[in-house]
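Undergrad: Next up is a structure, given as structure tokens.
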Amino acid sequence: MSKIGVFICHCGENISATVDCQKVAEEVGKVEGVEFATDYKYMCSDPGQNLIKQAIKEHHLTGVVVGSCSPRMHEPTFRKTCASAGLNPFMCEVANLREQCSWVHEKGESTTEKAISLVKMLVEKVKKDQPLQSIEVPITKKALVIGGGIAGIQAALDIANCGHQVILVEKEPSIGGHMSQLSETFPTLDCSQCILTPRMVEVAQHPNITLYTYAELEKVEGSIGNFDVTIRLKAKSVDFSKCTGCGTCQQKCPQKKIPSEFNAGLGTRTAIYVPFPQAVPNKPVIDKEHCNYYQKGKCKLCSKVCPVGAIEYDKPDEFIKENVGAIVVTTGFNVLNTDFFPEYGYGKYKDVINGLQFERLASASGPTLGEIRRPSDGAIPKKIVFIACCGSRDPAKGIPYCSKICCMYTAKHAMLYQHKVHDGESYIFYMDVRATGKNYEEFVRRAIEEDGVKYVRGRVARVYEKNGKLIVKGADTLLGGQPVEIEADMVVLATAGVSNPGAEQLAQKMHISYDPYYFFSEAHPKLRPVETNTAGIFLAGACQSPKDIPDTVSMASGAAAKVAALFSQKNLVREPVIAVVNRCAPPVFSTCVGCFMCETACPYHAIEREDIKDRKGNVIKTVAKVNPGLCQGCGTCVAFCRSKSIDIQGFSNEEMYSEVVSLLNS
Amino acid sequence: MKIGFYPGCSLKGTSREYNESVLALAKALDIQLEEIDDWNCCGATAAHSVNKELSLSLPARVLALAEHQGFKEIVVPCAACYNRLSTTQYELAQDEEKKKKVSEIIGMPYDGSVKILNVLQMLQKYSLDTIKSKIVKPFAYKVACYYGCLLVRPHKVLQFDRVEDPQVMDSMMSLIGATPIDWAFKTECCGGGFTESRTDIVAKLSGNVMKDVNDRGAEAVIVACPMCHSNLDMRRPEIDKYLGEDVKVPVLYITQAIGLALGIEPETLGLQRHFVKVNTI
Amino acid sequence: MDNNNEFEPKIVAFVCNWCTYAGADLTGTSRIKYATNVKIVRFPCTGRIDFMLLLKAFAGGADGIIISGCHPNDCHYTSGNFHARRRWITFRHMLEILGVDVRRICFTWVSAAEGAKWADVVNDNVANIRKLGPYKEYTKVAQYFEKEAYNEQD
């Protein structure tokens, strides 16, 4: 037998100006099952809430309906009120008498009638409400960070400094990512490696961080608070417990001409290699695809010269399993190579390079030790043309978005060039200059006013080679589209930032969404930038979209804060508005027939299959089961179910039916 | 296998030698070309500059005639005709209304089922092996293959070869023993239809093309377009005046080059009609 | 909007919590006025809406129905509105075959920012249903079947 309390709020004059609140309370008070009905000026205030609490206690109320502002505003408030008076908070419903009634209608009988029917509708719903308990999901307080660039490093350090264990997985032999390839960073022209390497060392030495390099994510199962991840540790062919990092193997390796990934193809490395001198960990791995032993069965020089016998050939990849509570994805991005551009030579001109390659030329640890030299003949270029927006903002090339960082790094490149080659001339062909960060505009101004970089507004139609020079044919739109032809020694393309190869497969492994360019999707573009739609998996850095270092670091710390917030609770408490598949006594066990249409409907993979077994362990039937940790409560599965075996707590079939019937009877 | 043959106005007029060389080569390669009966002008630049419907109807009539005369494929040696016919076919395939309207205008049903080939595609499809087996005099010269504007653009309509650095003619020339050079003006405009109204522009644009050819030491320019040929060949005096030097490099049609390699007589290929003497070959 | 001799339609709106309900709240916050005939039933997502409930509404005497949710691709639960849309297309076809007046059902998308649009949706629907008149045919059929089912129980 229901004993429902009805409380109609005047909300000052917001509701009472057009709705006769007293009449509403009176009329609803006559409904069967309503034990107590009243109206008050400010229900959400302390005296208002006390009114509710008192009524609950005095009249032993089994349910409460508050007619007030939108439930999106105060449902949590009134539910807490009920909870503090000893009534299950999910037995409290809120009727929207303000935003959807008093504020949108004129004063009059029909408005009051509508208010009455809305309150009555929720009274009928409350009669069908069941007391619900919040769901507690245990959390493993260990985080997995995928990707060891600056985003991953920052996130890992932040989480580790909160006292939680972190596993950092990086697919290259060293952490550092693209930031380690940079020469100097805008707008301060800080030496990139100098600011990065202390963090890299901190990661390696941090007691709470377990670093796996040359490793990749193999599989993810489970849900927030409880992910079971499998990590593939690729075979390094070097026993890191013995290796001292002396470097003798690299000196002796006969395969010396392998294009170095770290040097963006401009330099070479050996088959047994450390990607760069400041690598963390500073121990080599063997690149099986270029090693004489693995390819032809010969050589083995490294094992002969190794003073501690650390070389171990033919070890298989190792798989380790870990249980983590949260995952942070920081896999970063890539930039297009010059071969993407038919109009700039299909990549065949050696002196047409991309921005990352220019960074390596400018870098003191690069293939030219920091001197800007042409890759073709090693000469110092006297005239360089930089082309901005190569591929970006170009729907014809399939990349309509802006890559954000190129305007800044092109200005930086031109400045570095002018600093290194005093009599050099640099031209930048641009569409717009996007210098939006702190001190960014001043930086670009410096390039133009102090370093004499010439900015030409227009695009470049073609670059071709003639007599050792690169002829750049563009236009100057500020002079009315006048054709401009420059005989350059080198051309640097600011190519578009794109997602990493393998991003699609990684996203599918983790069941996170991605956009048409394979950048991972955030949960909400404005208000939830570091979360994904999958609970427990967070994003940071350029894997979500191209961005500069300050934004990446902020995002990484943001994601770390989310992880820390998650881990700061004993258990994960979730609202019990979730789907439940019914269970009943044998021999039926459940009306569910195991068609699993609900499984296909669920965007969160929250429907699992449960085998119902007899005492001997034989499977009687396989039915659906909702994982309370994953279900977000959309109810799509409920509408799918033909046998009505799955229902959603808080918006059950009975509740919704009684609401509709009530609306039409009043 | 019969292939329909659409010579277009220029092959019957100023580019007679292209016509002669196409027919001679086809004969040598056992390709049966049959001229489409009652064909009309494709409209070229004139039609599409002044009237949209006219620019679609003229080519559509040619294609409709080809369909009705039972051709599954037609070869169109003139690059402009090839471009106009292909563009028309593409546009009418996208829009049923336009298709109906055009059918009304031309007074016959239009289906859009004929496959349009340029002369390079025809050779690629049917004759590469035959050519290889019949070479008697390899064309051992350095050549600059010039594609011009209309053979490969717009890519979404023609779907033929690479747009910025096409290779089909280059590989065909390699097949007959030539050394195609890598040069910068493969798809740069020769000046096109301005040959009459603004000969100065043609002198400049074609002049730039010939300068690059000359600088890179090519011994012949190979083309597959009558307009390009006449601008680079007939307008050579204006080009020489613009460049301030006499450029002697001859311009040959691809069909003439292949024909020479197969041992066909130069007169049969119409080489004597060129303005720039082909005596170095 | 107040009582006069004109017939006042009874319209039930089935809306999703995250977009349309929030959008309707925005209409209120913006103080845009609309007709009182539409009463909103809140669902977590349009994917939750079992369309048989629509028929219950008609059986109960509703003259018109509005279903509204997040725009495609914007569903708070990623894909609920896609399922709703698919379901609606099939269901509408079925209703047409059965002879139910589908002009009385409006299926639309109203986002949380579209307060003004919600007011338009309401007003347009009320005007439309007023023109179509009260929906008596379905209730008659429903009552007949209920009686039949009741009689069969004996």
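Results for (1) acidic (Asp, Glu); (2) crowded, with 23+ Cβ neighbours inside 10 Å; (3) at pLDDT 95 or above, shown as yes or no for each residue.
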site	(1), (2), (3)
A:VAL31	no, no, no
A:GLU35	yes, no, no
A:LYS41	no, no, no
A:SER45	no, no, no
A:VAL66	no, yes, yes
A:CYS69	no, yes, no
A:HIS74	no, no, no
A:THR77	no, no, no
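Undergrad: Sort out for me the strands (runs of 3 or more DSSP E) sitting completely within the stretch A:439-508 that have 3 or more residues that are within 14 Å of chain B (Cβ to nearest Cβ).
TA: Working: elements: A:454-457, A:460-466, A:469-476, A:482-488, A:490-495, A:497-499.
Ranges flagged: A:460-466, A:469-476, A:482-488.
Undergrad: In the stretch A:237-270, what residues are touching a strand residue (DSSP E or B) at 6+ places or on another chain (Cβ under 6 Å), crowded, with 22+ Cβ neighbours inside 10 Å and not in a strand (DSSP E or B)?
TA: Selection gives A:SER237, A:CYS249, A:CYS253.
Undergrad: Name the residue that is nearest to C:VAL121 (Cα to Cα), counting only residues in the stretch C:86-103 that are within 12 Å of chain A (Cβ to nearest Cβ) and within 16 Å of the chain's Cα centre (by Cα). Break it down stepwise before answering.
TA: Restricting attention to the stretch C:86-103, the residues satisfying the condition of being within 12 Å of chain A (Cβ to nearest Cβ) are C:86-88, C:91.
Applying the additional criterion that residues be within 16 Å of the chain's Cα centre (by Cα) yields C:87-88, C:91.
Values: C:ARG87: 21, C:TRP88: 18, C:PHE91: 21 Å.
Filtering first and then ranking leaves C:TRP88.
Undergrad: Separate question: Give the residues of the stretch A:91-149 that are touching a residue at least 60 places away in the same chain (Cβ under 8 Å), part of a loop (DSSP other than H, G, I, E, B) and of a type outside the set (Gly, Ala, Ser), sorted by residue number.
TA: A:LEU97, A:TRP103, A:HIS105, A:GLU106, A:LYS107, A:ASP129, A:GLN130, A:LEU132, A:GLN133, A:ILE139, A:THR140, A:LYS141
Undergrad: Please verify whether the stretch A:524-538 includes one or more residues that are modelled with pLDDT under 95, among the hydrophobic types (A, V, I, L, M, F, W, C) and part of a loop (DSSP other than H, G, I, E, B).
TA: Within the stretch A:524-538, one or more residues are modelled with pLDDT under 95, among the hydrophobic types (A, V, I, L, M, F, W, C) and part of a loop (DSSP other than H, G, I, E, B).
Undergrad: Spot the failing condition for C:PRO134; the list is (1) under 17 Å from C:ALA62 (Cα atoms); (2) in a helix (DSSP H, G or I); (3) of a type outside the set (A, V, I, L, M, F, W, C), and only one is missed.
TA: Failing condition for C:PRO134: (2).
Undergrad: Kindly indicate the residue of the stretch C:22-33 that is buried (at least 21 other Cβ atoms within 10 Å of the Cβ) and at the interface with another protein chain (Cβ under 7 Å from one of its Cβ atoms) and also farthest from A:PRO71 (Cα to Cα) among those meeting that condition.
TA: Across the stretch C:22-33, the extreme among qualifying residues is C:THR27.
Undergrad: Sticking with this structure for a sec: Given A:THR210, A:THR244, A:THR248, A:THR230, which one is touching an Asp or Glu at 6+ places or on another chain (Cβ under 6 Å) and among the hydroxyl-bearing types (Ser, Thr, Tyr)?
TA: Just one listed residue meets the conditions, A:THR230.
Undergrad: Still on this structure, I have one more. Just checking, does the stretch B:192-210 include any residue being surrounded by 21 or more Cβ atoms within 10 Å (Cβ to Cβ), polar (S, T, N, Q) and in contact with a Cys (Cβ under 7 Å, 6 or more places away or on another chain)?
TA: yes
Undergrad: Can you name every one of the strands (runs of 3 or more DSSP E) wholly within the stretch C:5-122 that holds 1 or more residues which are among the β-branched types (Val, Ile, Thr) and within 21 Å of A:LEU122 (Cβ to Cβ)?
TA: On the way: elements: C:11-16, C:38-43, C:64-69, C:105-109.
Result: C:11-16, C:38-43, C:64-69.
Undergrad: Any idea which of (1) assigned to a strand (DSSP E or B); (2) farther than 25 Å from A:SER557 by Cβ is the one A:TYR212 doesn't satisfy?
TA: A:TYR212 satisfies every listed condition except (2).
Undergrad: If I ask for residues that are surrounded by fewer than 19 Cβ atoms within 10 Å (Cβ to Cβ) and either among the polar types (S, T, N, Q) or not in a helix (DSSP H, G or I) (or both), which ones from the stretch B:235-248 would you list?
TA: Correct list: B:GLY244, B:GLU245, B:ASP246, B:VAL247, B:LYS248.
Undergrad: Residues in the stretch A:411-420: is at least one out of contact with any Lys or Arg (no Cβ under 6 Å at 6 or more places or on another chain), buried (at least 17 other Cβ atoms within 10 Å of the Cβ), in a loop (DSSP other than H, G, I, E, B) and not assigned by TED's automatic domain parsing to the domain that holds A:CYS191?
TA: Start the filter on the stretch A:411-420 by keeping residues that are out of contact with any Lys or Arg (no Cβ under 6 Å at 6 or more places or on another chain), which leaves A:411-420.
Those left that are additionally buried (at least 17 other Cβ atoms within 10 Å of the Cβ): A:411-418.
Remaining after also requiring in a loop (DSSP other than H, G, I, E, B): none.
Scanning the stretch A:411-420, I find no residue that is out of contact with any Lys or Arg (no Cβ under 6 Å at 6 or more places or on another chain), buried (at least 17 other Cβ atoms within 10 Å of the Cβ), in a loop (DSSP other than H, G, I, E, B) and not assigned by TED's automatic domain parsing to the domain that holds A:CYS191, so the answer is no.
Undergrad: If A:VAL64 satisfies every condition in (1) at positive phi; (2) touching a Gly at 6+ places or on another chain (Cβ under 8 Å) but one, which is the exception?
TA: Of everything listed in (1) at positive phi; (2) touching a Gly at 6+ places or on another chain (Cβ under 8 Å), A:VAL64 misses just condition (1).
Undergrad: Sticking with this one: Output yes when any residue across the stretch A:223-232 is part of a strand (DSSP E or B) and among the aromatic types (Phe, Trp, Tyr), and no when none is.
TA: First pass over the stretch A:223-232, keeping only residues part of a strand (DSSP E or B): A:223, A:226-232.
Checking the rest, the ones that are also among the aromatic types (Phe, Trp, Tyr) come to A:227.
Checking the stretch A:223-232: at least one residue is part of a strand (DSSP E or B) and among the aromatic types (Phe, Trp, Tyr).
Undergrad: Then there's this: Can you go through A:GLN54, A:GLN49 and tell me which one is under 14 Å from A:HIS10 (Cα atoms), free of Cβ contacts under 8 Å to residues at least 60 places away in the same chain, away from every other protein chain (no Cβ under 14 Å) and not in a loop (DSSP other than H, G, I, E, B)? I'd like the intermediate steps shown before the answer.
TA: Numbers: A:GLN54 fails: under 14 Å from A:HIS10 (Cα atoms).
A:GLN49 is the lone residue from the list that is under 14 Å from A:HIS10 (Cα atoms), free of Cβ contacts under 8 Å to residues at least 60 places away in the same chain, away from every other protein chain (no Cβ under 14 Å) and not in a loop (DSSP other than H, G, I, E, B).
Undergrad: Something else: Only residues that are hydrophobic (A, V, I, L, M, F, W, C) and either not in a loop (DSSP other than H, G, I, E, B) or not assigned by TED's automatic domain parsing to the domain that holds A:GLY147 (or both): list them for the stretch A:539-562, please.
TA: Within the stretch A:539-562, A:LEU539, A:ALA542, A:CYS543, A:ILE549, A:VAL553, A:MET555, A:ALA556, A:ALA559, A:ALA560, A:ALA561 meet the criteria.
Undergrad: So which residues in the stretch A:97-142 are farther than 14 Å from C:ASN37 by Cα, acidic (Asp, Glu) and facing chain C (nearest Cβ under 8 Å), if there are any at all? Please lay out each step first, then the result.
TA: Start the filter on the stretch A:97-142 by keeping residues that are farther than 14 Å from C:ASN37 by Cα, which leaves A:97-99, A:103, A:107, A:119-142.
With acidic (Asp, Glu) added as a condition, the list becomes A:99, A:124, A:129, A:136.
Answer for the stretch A:97-142, where residues must be farther than 14 Å from C:ASN37 by Cα, acidic (Asp, Glu) and facing chain C (nearest Cβ under 8 Å): just A:GLU99.
Undergrad: If you take the residues of the stretch A:60-83 that are aliphatic (A, V, I, L, M) and assigned to a strand (DSSP E or B), which of them is farthest from C:THR29 (Cα to Cα)?
TA: Just the residues of the stretch A:60-83 that are aliphatic (A, V, I, L, M), to begin with: A:61, A:64-66, A:73, A:83.
In the following step, the residues that additionally are assigned to a strand (DSSP E or B) were identified as A:64-66.
Numbers: A:VAL64: 25, A:VAL65: 22, A:VAL66: 19 Å.
By that ranking, first place goes to A:VAL64.
Undergrad: Filter the stretch C:40-66 down to the residues that are free of Cβ contacts under 8 Å to residues at least 24 places away in the same chain and more than 8 Å from chain A (Cβ to nearest Cβ) and list them by number.
TA: C:MET52
Undergrad: Looking at the stretch B:141-158, which of its residues are free of Cβ contacts under 8 Å to residues at least 24 places away in the same chain and surrounded by 24 or more Cβ atoms within 10 Å (Cβ to Cβ)?
TA: Answer for the stretch B:141-158, where residues must be free of Cβ contacts under 8 Å to residues at least 24 places away in the same chain and surrounded by 24 or more Cβ atoms within 10 Å (Cβ to Cβ): there is none.
Undergrad: Now, a different point. Mind listing just one residue for me: the one in the stretch A:84-96 that is more than 10 Å from every other protein chain (Cβ to nearest Cβ) and either over 11 Å from A:VAL64 (Cα atoms) or among the basic types (Lys, Arg) (or both) and, of those, surrounded by the most Cβ atoms within 10 Å (Cβ to Cβ)?
TA: A:ALA85
Undergrad: Taking the stretch A:575-605 on its own, how many of its residues are aliphatic (A, V, I, L, M), away from chain C (no Cβ under 14 Å) and assigned to a loop (DSSP other than H, G, I, E, B)?
TA: The total comes to 3.
Undergrad: Scan the stretch A:200-209 for residues that are surrounded by 19 or more Cβ atoms within 10 Å (Cβ to Cβ) and in a helix (DSSP H, G or I) and jot them down.
TA: Of the stretch A:200-209, the ones surrounded by 19 or more Cβ atoms within 10 Å (Cβ to Cβ) are A:200, A:203, A:209.
Within the stretch A:200-209, A:MET200, A:VAL203 meet the criteria.
Undergrad: Which residues, taken from the stretch C:67-85, are at the interface with another protein chain (Cβ under 8 Å from one of its Cβ atoms) and at positive phi?
TA: Within the stretch C:67-85, C:THR78 is the sole residue that qualifies.
The values are calculated or read from the model by the stated rules, or taken from the named source; none is laboratory data. As the structure is a computational prediction, the values presented were derived from the model and not from experiment. Cβ atoms come from the backbone with ideal geometry, glycine included; neighbour counts cover every protein chain shown.
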